Amino acid sequence: MSEPLLDRRGLLRAVAGAGVAGIAGTAGGLLLPGTASARTGTAARAVLAPAGFPDYRYIGTAFDKAALRYNPTNELIFPCVRGMYDKIARPLGRYHLYYAPHDAPGGICLAYGDALGGRFTEYPNNPVISNVWAPHYSVSHVSSPHMIWNAAERRFLMYFHGENNTTRLALSPDGVTFTYHGVVLTTAMIPGSTETSYARVFEHAVPGLGNRYVMVFMGVTGGKRKIFWGWSSDGRSWAFDPSPLVSPGGDGQSDLSGPSLLKRNGTTYVVYHGNSGNMFLTEVGNAFDREVHLGVFHRPLAGAPDNGRSAAPSFGTDGGVEYMFYEAGQRSGSTIAVARAV
């Protein structure tokens with residue numbers, strides 16, 4: 001199934017290759033967040049981010065990290081925010097926010113709130129998924145939660161990694177209690193890879209594949225972190241493209257991670273962070289057959305809480321206002337921050 005896809009992608013990349021540098025160069029000259037001119041005038045705002053995406057401005061952290069009951073490593077990563085009010089009866093809050101420590105023991109954690117721009121309350125029995133789940137697995141850590149809603153089944157599907165070479169799936173009727181399903185991705189499925197993690201899953205049908213879902217994730221090949229992808233009809237059984245979807249060279253980076261999918265302008269993009277601390281944007285097209293690097297999507301704050309690094313974005317809309325939850329700060333001290341579109 002994947003051979004024709006690889007041939008098509010290779011052909012399009014060859015045709016587009018000469019234009020990629022020019023496009024990236026143009027994006028590099030855009031008025032980006034953090035500049036004085038970026039804050040003035042409607043005309044300036046129209047070009048604040050590539051492809052017409054909004055400028056997201058930091059408004060605060062999702063909670064007081066120092067007050068959390070469960071915080072074993074002082075490092076919180078990979079937010080995933082989900083509306084619950086239209087899916088289940090009597091949710092803890094209108095929104096659930098999932099996040100995790102990364103270093104051992106990790107643990108998938110939950111907070112809840114009634115507004116994306118407000119504070120979230122820690123669920124008192126975190127972690128909702130731990131690094132030991134007998135008889136299914138016992139690993140050093142679990143992390144990087146990403147949850148989707150299957151309306152036909154009326155249940156949630158939670159993807160998470162542990163160890164870094166294995167992505168797992170658990171199922172839930174309420175986003176609080178989970179049953180283990182199994183492994184959905186390992187390094188054995190991506191030849192030559194040493195890590196496969198930080199997966200996010202989205203509903204998106206790729207022409208000719210007969211799929212309902214796509215997965216974007218970080219894979220390490222040749223000692224470099226790149227963005228890979230796969231597709232599935234049910235969210236449980238997956239096929240994967242062995243070639244990177246997005247490679248770091250087009251952004252002037254050495255490593256990429258924390259991908260998320262965005263749609264706009266009738267096409268599809270992947271947003272992710274690079275080793276510089278910036279988030280970047282690449283158009284992959286609705287058929288996932290393009291790799292057009294568009295430059296910086298979001299620049300981190302120089303000071304707290306970002307301290308030069310913003311990563312792993314998760315997006316939501318509340319009352320018509322767009323929000324971005326993200327991993328803020330350098331590794332070993334990161335937290336979950338919130339930015340609002342302007």
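The values are calculated or read from the model by the stated rules, or taken from the named source; none is laboratory data. Because the structure is a prediction, the values reported are computed rather than measured. Please note: Cβ atoms are built from the backbone with ideal geometry, for glycine as well, and neighbour counts cover all protein chains shown. Remember, those area values only see protein heavy atoms, side chains included, never the ligands or the DNA or RNA. Shrake-Rupley method; radii C 1.70, N 1.55, O 1.52, S 1.80 Å.
The table for this structure:
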quantity: Region 201-230 residues that are within 23 Å of Leu169 (Cβ to Cβ), paired with ones that are acidic (Asp, Glu) and assigned to a strand (DSSP E or B) (beta carbon under 7 Å, 6 or more apart); calculated: Arg212/Glu203; Tyr213/Glu203; Met218/Glu195; Gly219/Glu195; Val220/Glu195
quantity: Those residues of region 187-200 which are open to solvent by 30 Å² or more (accessible area, probe 1.4 Å) and either of a type in the set (A, V, I, L, M, F, W, C) or in a strand (DSSP E or B) (or both), in sequence order; calculated: Ala188, Met189, Thr194, Glu195
quantity: Residues satisfying the stated conditions in region 67-114, i.e. part of a loop (DSSP other than H, G, I, E, B), of a type in the set (Gly, Ala, Ser) and open to solvent by 40 Å² or more (accessible area, probe 1.4 Å); calculated: Ala89, Ala104
quantity: Residue in region 242-251 that is of a type outside the set (D, E, K, R), out of contact with any helix residue (DSSP H, G or I) (no Cβ under 6 Å at 6 or more places or on another chain) and under 30 Å from Lys87 (Cβ atoms) present; calculated: yes
quantity: Residue count for region 216-250, restricted to those that are more than 18 Å from the chain's Cα centre (by Cα) and not small (Gly, Ala, Ser); calculated: 7
quantity: Residues (among the small types (Gly, Ala, Ser), touching a Pro at 6+ places or on another chain (Cβ under 8 Å) and not in a strand (DSSP E or B)) located in region 228-277; calculated: Ser254, Gly277
quantity: Those residues of region 294-342 which are of a type in the set (A, V, I, L, M, F, W, C), within 12 Å of Tyr56 (Cβ to Cβ) and either over 17 Å from the mean Cα position of the chain (by Cα) or open to solvent by 20 Å² or more (accessible area, probe 1.4 Å) (or both), in sequence order; calculated: Leu301, Phe315, Val321, Ala341, Val342
quantity: Subset of region 231-266 (residues that are free of Cβ contacts under 8 Å to residues at least 40 places away in the same chain, surrounded by fewer than 18 Cβ atoms within 10 Å (Cβ to Cβ) and in contact with a strand residue (DSSP E or B) (Cβ under 7 Å, 6 or more places away or on another chain)); calculated: Ser254, Asp255
quantity: Filter pass, Ser276 being open to solvent by 10 Å² or more (accessible area, probe 1.4 Å), without any contact (Cβ under 8 Å) to a residue 40 or more places away in the chain, in contact with a Lys or Arg (Cβ under 6 Å, 6 or more places away or on another chain) and among the small types (Gly, Ala, Ser); calculated: no
quantity: The lone exception for Leu169 - which of (1) open to solvent by 10 Å² or more (accessible area, probe 1.4 Å); (2) outside any loop (DSSP other than H, G, I, E, B) it fails; calculated: (1)
quantity: Output for region 128-155, where each listed residue is without any contact (Cβ under 8 Å) to a residue 60 or more places away in the chain and within 17 Å of the chain's Cα centre (by Cα); calculated: Val142
quantity: In region 65-101, the residues that are among the aliphatic types (A, V, I, L, M) and either under 17 Å from Arg119 (Cα atoms) or in contact (Cβ under 8 Å) with a residue 40 or more places away in the chain (or both); calculated: Ala66, Ala67, Leu68, Leu76, Ile77, Val81, Met84, Ile88, Leu92, Leu97, Ala100
